[in-house]
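**Q** To start, I am sharing the structure in question, which I have written as structure tokens.
The values are calculated or read from the model by the stated rules, or taken from the named source; none is laboratory data. This structure is a prediction, so every number in the text was calculated from the model and none was measured. All Cβ positions, even for glycine, are placed from backbone atoms using ideal geometry, and neighbour counts span all protein chains on display.
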Amino acid sequence: MYPNPRDWNYTVAPLPGLDGRIPPFPRGRLLGGCSSMNGMQYIRGSKEDYDRYARVSGDPGWGWDALQPYIRRNEHWTPPVDNHNQTGQFNPAVHGFHGINAVSLPGFLLPVDVMVQQVTQELSDEFPFNLDYNSGYPLGVSWTQSTIKHGKRSSSFTSYLGPEFIGRPNLHVVLNAQVTRVIQTSQRPATFKMVEFAESRNSARYHIAATKEVIISAGAIETPKLLMNSGIGDPTVLSSLGIKARVNLPDVGKNLSVHTGVSLNYFVNSTDTFDDIIRNLTVRQMLLDQWLATDGGGRLSVVYADHDIFERLPSNSSIFEVHADPAPGPNSPHIQSIASNGLFPPPPEGHFVSVGPTCDPELTFISHSGGSIELNTTNPFDNPLINLGCLSTDFDIAAIREGMKSTLRLIGAKAWEGYVLSPVSNITTATTDADLEAYARANAAPNYHVVGTASMSSRDANYGVVDPDLLIKGVKHLRVVDASVWPYVPSGNTQASVYILAERAADLIKATWE
Ligand SMILES: Cc1cc2nc3c(=O)[nH]c(=O)nc-3n(C[C@H](O)[C@H](O)[C@H](O)COP(=O)(O)OP(=O)(O)OC[C@H]3O[C@@H](n4cnc5c(N)ncnc54)[C@H](O)[C@@H]3O)c2cc1C
């Protein structure tokens, strides 16, 4: 659904790792941000992801166990729209039932679900069933959990700005307003307690002074841009652009990390796929009517797949002879796959299943060569230079190649016989590593899970952008609360981790001022 006025409509820099291609890169420009237009998968990542955040930040409060109250406070486990018996499809012991943000299991069975479940039995060594990937131990095949309430999106807008909150007298939501800078209000200690904003490029600038503090939650692309436009970043770079350097933090905009995914597509012996919904207006209208008549039921109540598959590269993979394992621990995946009940967007004819790995990128904290956000111009209404760095390291390539091989093993299971007819591409188990790599470079795309551009590090570290309280280093009263502060991308889609981050941040902020 892009380009559109509710999207930032970015054009990313050509990606050398993807044969110089420029893939689409949507980002929500509306209340709720990307949570108002994302794929709704609710995946926290592994226990080890958070324990690494605790280690890197020097604050045990960012560890998995310490974060449990915040995880629960965010989550409102909700029955699936078809009200089926959920026993054996999730583990209630690891969920929150009284939080704000709705999470549910799929409420409509897709044809591919039967095959995926059969694979967990037929190839149980490689693809074991895992009752709940949100237990902190995601490896295996689990039913997907989504931020969906009764067939409708639950976003940070519908939840945290829901009817019971939006009317609060101390909350003002200003629409059609873009923050252009945060303004320094005192030199020593450096303090930024004023925000400048405007409706559009040429409209009047407004200023608001904070009595306590300013919190930036502009996301992993716009937060570093905003900081740099405010004079917070690498002084040499800022000066070369004519921006007065006010705070020396060279890591602003560095350390960008994003998952990269590729799909292997197959013609199937069925017309019961998503393909017709996308290309046939009549089918779409019928399903929409059904969705309306059943208050959120039917095929439109689910996302593109009902299972997530998390795997590690085998420990004897040759990549580990030359490369340290970038995962935070032995219980964390390198690869995430889904079996999607159709192709997005589908070719004009045919019905498909699309299975493919997303790989966790290799990351070296702060010095990662992968991605970055840089200023293109000093006009805050211009988009920044977005270097995503997909498939830029040996590990990235090894992971996506092994992920494709795992997909070939999965789709080769007997469970798919009679359903999967033939591959759309010429990728088979006989394909060489070089050809798998070539296919990945020609077809992979970033998966939108961007983090790291205002990374958290320990208080005494001379790198990073925010301290463990999420305050900008060397600055008073300026905080960042969004995906940009995670120093490593979690091993799963990122929205749940941002909710968890924000829940704890709320307590850190209150503790500062109470
Ligand atoms: C297409 C897509 C699919 C995705 N699918 C999934 C998924 O299925 N599951 C999952 O877990 N994650 C998914 N994600 C990722 C997830 O949505 C993000 O990681 C998460 O929303 C990040 O939250 P955030 O608050 O850091 O930033 P954002 O969601 O980007 O929110 C930032 C907000 O700030 C606003 N903003 C930016 N700059 C300014 C400014 N200067 N002034 C005023 N406002 C500003 C933006 O418009 C936006 O509303 C997806 C993302 C995309 C784009």
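**Q** Need at least 3 residues that are within 25 Å of K405 (Cβ to Cβ) per element, so show me which strands (runs of 3 or more DSSP E) inside region 299-379 make the cut, counting only ones lying wholly within it.
**A** Ranges flagged: 307-311, 335-340, 352-359.
**Q** Further question on the same structure: Considering each residue of region 344-361, count those that are closer than 13 Å to E311 by Cβ and surrounded by 24 or more Cβ atoms within 10 Å (Cβ to Cβ), and give that number.
**A** Residues that pass the stated criteria total 5.
**Q** Shifting gears a bit: Out of P487, P423, I need the residue that is surrounded by 21 or more Cβ atoms within 10 Å (Cβ to Cβ) and not hydrophobic (A, V, I, L, M, F, W, C). Which one?
**A** P487
**Q** Within region 408-416, does at least one residue satisfy the condition of being over 20 Å from the mean Cα position of the chain (by Cα), closer than 24 Å to P487 by Cα and among the hydrophobic types (A, V, I, L, M, F, W, C)?
**A** Within region 408-416 (the criterion being over 20 Å from the mean Cα position of the chain (by Cα), closer than 24 Å to P487 by Cα and among the hydrophobic types (A, V, I, L, M, F, W, C)), the answer is no, since none of the residues qualifies.
**Q** Now for a different question. So the check is Cβ under 9 Å with 6+ separation or different chains; which pairs have a first residue in region 37-50 that's more than 12 Å from V303 (Cβ to Cβ) and more than 13 Å from the ligand (Cβ to nearest atom) and a second one that's modelled with pLDDT of 95 or more and aliphatic (A, V, I, L, M)?
**A** Matching pairs, first to second residue: S46/L139; Y50/A66; Y50/L67; Y50/I500.
**Q** Could I ask something else about it? Looking only at region 16-36, which residues are more than 16 Å from the ligand (Cβ to nearest atom) and buried (at least 18 other Cβ atoms within 10 Å of the Cβ)?
**A** G17, L18
**Q** Another question about this same structure. Condition check: closer than 27 Å to P23 by Cβ, surrounded by 18 or more Cβ atoms within 10 Å (Cβ to Cβ), in contact (Cβ under 8 Å) with a residue 24 or more places away in the chain and within 16 Å of the ligand (Cβ to nearest atom). Does T273 satisfy that?
**A** So T273 fails the test.
Residue-by-condition table, conditions (1) of a type in the set (F, W, Y); (2) over 16 Å from I43 (Cβ atoms); (3) modelled with pLDDT of 95 or more; (4) away from the ligand (no atom under 16 Å from the Cβ):
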residue: L264; (1), (2), (3), (4): no, yes, yes, yes
residue: F267; (1), (2), (3), (4): yes, yes, yes, yes
residue: G297; (1), (2), (3), (4): no, yes, no, yes
residue: F310; (1), (2), (3), (4): yes, no, yes, no
residue: A324; (1), (2), (3), (4): no, yes, no, yes
residue: P347; (1), (2), (3), (4): no, yes, no, yes
residue: T358; (1), (2), (3), (4): no, no, no, no
residue: P361; (1), (2), (3), (4): no, yes, no, no
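**Q** In addition: Do the conditions hold for L287, that is, is it more than 16 Å from the ligand (Cβ to nearest atom) and surrounded by 21 or more Cβ atoms within 10 Å (Cβ to Cβ)?
**A** Taking the combined requirement at face value, the residue does not satisfy it.
**Q** If you check A442, A413, A398, which single one turns out to be in contact (Cβ under 8 Å) with a residue 60 or more places away in the chain and either crowded, with 22+ Cβ neighbours inside 10 Å or touching a Cys at 6+ places or on another chain (Cβ under 9 Å) (or both)?
**A** Sole residue among the options that is in contact (Cβ under 8 Å) with a residue 60 or more places away in the chain and either crowded, with 22+ Cβ neighbours inside 10 Å or touching a Cys at 6+ places or on another chain (Cβ under 9 Å) (or both): A398.
**Q** Quick check on region 69-81. Is at least one of its residues out of contact with any strand residue (DSSP E or B) (no Cβ under 7 Å at 6 or more places or on another chain), within 16 Å of the ligand (Cβ to nearest atom) and modelled with pLDDT of 95 or more?
**A** yes
**Q** While we're on this one: Does region 58-81 hold any residues that are within 21 Å of F165 (Cβ to Cβ) and surrounded by fewer than 21 Cβ atoms within 10 Å (Cβ to Cβ), and which are they?
**A** Result: P69, R72, R73, H76, W77, T78.
**Q** Restricting region 455-493 to residues that are part of a loop (DSSP other than H, G, I, E, B) and within 10 Å of the ligand (Cβ to nearest atom), which is farthest from D360 (Cα to Cα)?
**A** V481
**Q** Give the residue, chosen from Y50, Y137, Y42, that is within 22 Å of S455 (Cα to Cα) and not polar (S, T, N, Q).
**A** After ruling out the rest, the residue left standing is Y50.
**Q** When you look at V268, is it buried (at least 22 other Cβ atoms within 10 Å of the Cβ), over 26 Å from the mean Cα position of the chain (by Cα) and in contact (Cβ under 8 Å) with a residue 24 or more places away in the chain, yes or no?
**A** yes
**Q** Okay, next question. Given (1) under 30 Å from M115 (Cβ atoms); (2) surrounded by 18 or more Cβ atoms within 10 Å (Cβ to Cβ), where does N331 come up short, assuming only one miss?
**A** Status for N331: all satisfied but (2).
**Q** Same structure, new question: Filter region 82-107 down to residues that are buried (at least 18 other Cβ atoms within 10 Å of the Cβ), touching a residue at least 60 places away in the same chain (Cβ under 8 Å) and either part of a loop (DSSP other than H, G, I, E, B) or among the hydrophobic types (A, V, I, L, M, F, W, C) (or both), then give me how many there are.
**A** The number of residues fulfilling the criteria is 4.
**Q** Now for a separate question. Looking at (1) in contact with a helix residue (DSSP H, G or I) (Cβ under 8 Å, 6 or more places away or on another chain); (2) closer than 30 Å to I216 by Cβ; (3) in contact (Cβ under 8 Å) with a residue 24 or more places away in the chain, which is the one condition that is false for G233?
**A** (3)
**Q** Filter region 70-81 down to residues that are touching a Gly at 6+ places or on another chain (Cβ under 9 Å), in a helix (DSSP H, G or I) and touching a residue at least 60 places away in the same chain (Cβ under 8 Å), then give me how many there are.
**A** Count: 3.
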